[in-house]
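Encoded as structure tokens, the structure appears first; notes follow it.
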Amino acid sequence: MAELPFPPLVLTSGSSTVLSAAGAQIILHNLNTSKTITSPQVDNRIHQNGFIRHLAISNDEKIVASVGDDKNLKLWDVTDDELKLRSTRGLIKKASHIILAPDNSIIISDKVGDVYSYPLDPIPSDPSTSRPPMYSMVSDPTKNPDCTYLLGHVSVTTQHLITPDHKHIITADRDEHIRISRYPKAYVIERQLFGHDGFVSSLHIPTSSPNTLLSGGGDSSIRIWDWPTGKLLNKVDIYGAVLPQRKVRSYLRKNKWKGRFMKTVGSSSSSSTAPVADEGEETFYSAPEGYVLPTGQGVCIKKIDSVQVEGQTIVLFFSEGASALHSFVLPSDPTFPTTVNTQTFPYPILDFTALPSQSGKILVSLDTAWGVLKKNPGPGTDARQDIIPRDSLSNDEQAALQDYFRVIDVNTDGQLSINPSDIPATSAMASALPKTDIKTLSNLNLYPLLNILPRWPGLEDDDGADAPISSGEATPDDDGAISLAPTSLTTRTLGGTTRSYSMEELEGMNLKVLGRLKSNGVDVGSILRDRQKKAKEERKRKVAEANKKLQEEKKKEEEAQGEGPDKKKKKQKQKKEKKVVMATEEDMANA
């Protein structure tokens with residue numbers, strides 16, 4: 001059976017080094033010395049749970065931190081000959097992002113919504129105190145003795161970063177929120193940035209513009225903010241560039257509303273600025289009858305970064321599962337319009353990073369197994385992807401599968417082009433990739449965010465939460481409908497249209513949506529109060545029914561044993577009297 005290299009899922013770089021994570025192994029290439037070192041070799045087929053998904057490197061490039069699917073936080077010392085394991089700590093929950101702070105503390109956000117700060121080296125255990133049990137630390141993250149709890153969101157925390165002044169931490173989550181908190185006293189929230197129509201999955205502050213924040217996720221634009229004031233400076237529309245390049249989509253779930261055809265392309269959840277999908281795109285992201293896809297258009301901005309090219313700041317980004325890298329020039333005045341450039345590839349992108357000391361050069365890693373060993377799942381498939389059965393591969397196919405890396409040139413206009421020349425760094429890193437077999441390569445889940453972050457219509461507790469939210473005053477129209485005035489906080493009426501609700505529409509909303517509308521000034525009448533009262537009465541009724549059923553089962557059990565309630569009481573009384581008599585005789589004997 002052919003031995004094939006693991007795909008380089010994660011790329012990052014320092015001032016002189018490039019790092020890659022492939023399987024459970026880390027590869028580091030130093031561009032100054034042209035030397036490549038790796039972490040100790042492991043059998044990746046045995047250590048599948050150690051599949052590394054997050055990497056970070058310190059500013060001095062002497063320490064590397066990694067987190068894998070096994071929830072182990074590992075620290076590595078960078079030596080001349082290898083990456084030497086410094087420490088291993090178990091995390092309570094799976095990590096969603098990791099960075100090394102300027103003070104060398106390790107900041108980790110997890111998929112439950114919590115953010116922690118771990119010291120560089122493990123805290124020695126105190127023998128005089130017992131470690132809290134696991135269930136206690138799961139329910140209350142502040143009890144974890146290994147770290148300091150910073151803050152929490154009510155949904156998946158997707159990414160975080162420390163601002164250039166080292167005084168703030170910015171976090172994003174699945175619920176369209178961007179929060180700016182003080183650091184390290186993150187319980188002090190300075191402000192929140194509202195405006196995204198979908199989840200926020202990527203944040204970036206360019207080094208050339210420390211007050212500018214770029215954010216992107218599952219909606220139709222990347223937003224440019226002045227984060228110290230919270231002001232939205234600009235929106236860069238990306239759907240026109242991203243939608244045609246999608247290759248990987250989410251799996252299909254059965255629709256609980258049987259017989260209803262649900263299609264996300266052109267749905268009301270998409271932005272009004274999105275282009276009309278052509279026939280091929282509609283086929284790509286549409287669900288057959290009886291099945292449903294997540295909301296949105298299958299867009300998930302996984303990474304935003306920037307490089308300096310002759311004084312110009314070029315912003316780069318890509319969407320998970322798409323086969324293109326995109327860029328645009330960040331103007332000196334962020335309010336000016338800008339154009340998105342695109343460089344396409346034959347395979348989906350896994351990650352990218354800037355090559356240090358080489359201005360305008362970007363290293364990109366690709367999933368070359370897509371379309372050869374795996375494809376998008378069809379209806380009735382529970383897996384995240386369909387496997388294309390292959391017992392063997394031709395020599396040409398094996399060579400194509402091992403061609404993971406591409407080098408991209410970026411010019412001052414933001415235009416992208418593939419560099420045809422051979423870069424020593426890519427050859428050295430490619431030769432160091434660990435090996436695996438065809439079966440393992442076919443089953444790797446390299447696109448988890450496409451299934452986790454978008455919302456599934458009708459399949460979540462807060463279904464219907466796509467209703468507009470505004471901080472403006474709601475005023476009733478002449479026909480009795482309730483009008484929601486568009487403001488900077490309006491999520492679905494950014495085009496300036498007024499959204500009105502009839503009483504029938506409000507009756508069809510769940511408690512969470514009604515509560516959100518009411519908190520933003522919409523008069524929901526007595527619907528919310530009546531619904532809450534009805535829910536409370538229903539809970540009481542269910543508790544009473546459960547208690548009654550329990551008593552009946554207990555009574556039946558007693559009757560089956562031939563002991564009715566009266567007989568049981570009489571037997572208990574006789575037993576008690578017998579005990580008293582025995583005690584009295586024993587006292588007399590002792591006397």
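The values are calculated or read from the model by the stated rules, or taken from the named source; none is laboratory data. Please read all numbers here as calculations on a predicted model, not as lab measurements. Here the Cβ positions follow ideal geometry from the backbone for every residue, glycine too, while neighbour counts run over all protein chains shown. Note: areas computed on protein heavy atoms with side chains; ligands, DNA, RNA excluded. Shrake-Rupley method; radii C 1.70, N 1.55, O 1.52, S 1.80 Å.
Projecting label points 7 angstrom from Cα along Cα→Cβ for S15 and V42 puts them 3.1 nm apart. When the accessible area of the range 329-393 is computed with all protein chains present and a 1.4 Å probe, what percentage of it is carbon and sulfur? Result for the range 329-393: 49 percent of the exposed heavy-atom area is carbon or sulfur. The Cα center of the range 126-155 and the Cα center of the range 289-348 differ in position by 38 Å.
Output the pairs from K71/K143; K231/K518; K35/K439; K254/K536; K93/K361 with a Cα-Cα distance over 29 Å in this structure; if there are none, say none. Listed pairs above 29 Å: K35/K439; K254/K536; K93/K361. For the residues T12, T157, T335, a 1.4 Å probe over the protein chains yields an accessible-area ranking, largest first, of T335, T12, T157. Highest mean first, the peptides 398-405, 360-367, 71-78 sorted by other C-beta atoms within 10 Å per residue fall in the order 360-367, 71-78, 398-405. Inter-part distance, the range 381-451 to the range 28-106, computed on C-alpha centroids, equals 21 Å.
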